[in-house]
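The values are calculated or read from the model by the stated rules, or taken from the named source; none is laboratory data. Nothing here was measured: the structure is a model prediction, and the numbers come from that model. Here Cβ is always computed from backbone atoms with ideal geometry, including for glycine, and neighbour counts include all displayed protein chains. Just so you know, the surface numbers come from the protein's heavy atoms only, side chains and all, with ligands and any DNA or RNA stripped out. Shrake-Rupley method; radii C 1.70, N 1.55, O 1.52, S 1.80 Å.
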Amino acid sequence: MPKTVNVTITYTAQLARAAGVEQESATAMQGSPLTLLLRDRAVACSAEMKELLFDSDDTLRKSIVVVVDGSQITNPDSFSLERDHDLFLMMPISGG
Amino acid sequence: MDIPGFGQEGQEKLRNTTALVSRTGGLGGPIALQLAAAGIGKLVLAHGGNLQPSDLNRQVLMRHGSLGQPRIESARETLQAFNPHITVETVNANINEENAEELVGSADIVFDAAPRFNERFLLNRQCVRQRKSLIDAAMFSMEGQVVTIVPGLTPCLACLYPEEPPHWNRRFPVLGAVSSLIANIAVVQGICLLTGIGDAHLGKMIYIDTAGMNLRKIAIQRRIDCAVCQSVPSAAP
Ligand SMILES: [Zn+2]
């Protein structure tokens, strides 16, 4: 029987503003793709969040830096979620 | 500077270094100021436009009396008054397709503090092409980040952001204390890289959220299909 796992998601910059929180806990199926969780969270959150994270083809924007347990993930579509993963979603920033 | 491992040799290295600073505003201004304080030999500063009242909440090289005048002149005057022993060369223009190659070519190390991604990507391309080290500093509201890019050794800016972010606005929330903090971290990283003291955090992004005073060191990845740096052979650290 598939197991669920709890993960933590932290948002930066405009993502935190759109989410209304800087950090939240989420539940996902163990081994499910990271992108699937992000799509679910974005839809549940707001149209703005969906627009910030996903392009018109419903693909996670390449400019979003996805970090898991302190390391950047360059293949979020094929990355599988496990228990207690610490997800850090970074909006690109360029202010000076 | 009486810092272990720095000594006369470290000071000489700084004195023999030319640093290009892209923009001299909230980030680039304090970057240039601390490089001047550390005794960098030569600063090359690029920043276009005239000083606006809204600049003065963060641009510490500027002076109220210079409103309406070229920003780069205020920057030069403040830096030369602060340290007359360094050379300050100024360009009254932002980094662009016409000047990027020459400006990067004139420097030993580059500090990027531009608010627009097209300028940052242009500088990244030139630095990778000319194998120049690039310290990329950025901030938004109470957050900021610094990435040290050494072509061949680390990911480049296009590895981090393979496409231009569609949602970045030219206007962004800024607190001068945050931009100065991020600028100072950028200078520390640059000095570590130049002199060998401390840890230059190659392959890492230093991220700070000052609202919660949280600091993260994030391992960033070189993309084998990076449009900018894929042709640069990996060098041993
Ligand atoms: Zn690259």
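Amide H contacts for B:Ala113 (H built 1.01 Å from N in the peptide plane; partners 5 or more residues away or on another chain; cut-off under 5 Å): B:Ser22. For the residue pairs B:Lys132/B:Lys204; B:Lys42/B:Lys217; A:Lys62/B:Lys204; A:Lys3/B:Lys217; A:Lys62/B:Lys217; A:Lys3/B:Lys204, alpha carbon separations beyond 27 Å are given by B:Lys42/B:Lys217; A:Lys3/B:Lys217; A:Lys3/B:Lys204.
About its Cα centre, the dipole of chain B is roughly 240 debye, where the only charges are +1 on Lys and Arg Cβ and -1 on Asp and Glu Cβ. Toward the positive end of the charge dipole of the protein assembly as shown, about the Cα centre and with charges on Cβ (Lys, Arg +1; Asp, Glu -1), which of B:Ala137, B:His47, B:Leu35 goes farthest? Of the options given, the answer is B:Leu35. The string of couplings for segment B:61-70 from the Karplus curve (6.51, -1.76, 1.60, θ = phi - 60°) is 7, 8, 10, 4, x, 9, 3, x, 9, x Hz, one whole number per residue in order, with x for Gly and Pro. Rolling a 1.4 angstrom probe over segment A:8-96 with all protein chains present gives an accessible area of which 44% lies on carbon and sulfur atoms. Each residue of segment A:76-91 was assigned a 3J(HN,Hα) from its phi angle through the Karplus expression (A = 6.51, B = -1.76, C = 1.60, θ = phi - 60°), giving x, 5, 10, 8, 9, 7, 10, 4, 6, 4, 9, 9, 10, 9, 10, 7 Hz with x at Gly and Pro. Projected over all directions and averaged, the alpha-carbon convex hull of segment B:1-142 occupies 9.1 nm².
Annotation: chain B has a Kirkwood hydrodynamic radius of 17.8 angstrom, from the mean reciprocal C-alpha pair distance. Nonpolar atom fraction for chain B, defined as the carbon and sulfur part of the 1.4 Å probe accessible area, stands at 49 percent.
In this structure the amide hydrogen of B:Gln69, modeled in the peptide plane, comes within under 5 Å of the amide hydrogens of B:Leu51, none closer than 5 places in sequence on its chain. Here, segment B:66-154 is characterised by an Rg to Rh ratio of 0.99, where Rg is the alpha-carbon radius of gyration and Rh the Kirkwood radius. For segment B:109-237, the equivalent ellipsoid built from the Cα gyration tensor has semi-axes of 23, 18, 13 Å, listed from largest to smallest. The Rg/Rh ratio of segment A:4-90, with both radii computed over alpha carbons and Rh defined as the Kirkwood radius, is 0.91. Of the DSSP H helices in chain B, those that are both long (alpha-carbon extent of 20 Å or more along the helix axis) and hydrophobic (Kyte-Doolittle mean at least -1.0) are B:176-195. Summing Cβ point charges (Lys, Arg +1; Asp, Glu -1) relative to the Cα centre of the protein assembly as shown gives a dipole of roughly 260 debye.
Eigen-decomposition of the gyration tensor built on the alpha-carbon atoms of the protein assembly as shown gives equivalent ellipsoid semi-axes of 36, 22, 18 angstrom, largest listed first.
What separates the Cα centres of segment B:126-168 and segment A:1-65 is a distance of 24 Å. Computed with a 1.4 Å probe on the full set of protein chains, the accessible area for B:Lys132 sits at about 30 Å². Between the Cα long axis of helix A:34-45 and the first principal axis of chain A there is an angle of about 60°, rounded to the nearest 10. In this structure the amide hydrogen of B:Glu89, modeled in the peptide plane, comes within under 5 Å of the amide hydrogens of B:Leu43, B:Val44, B:Leu45, none closer than 5 places in sequence on its chain.
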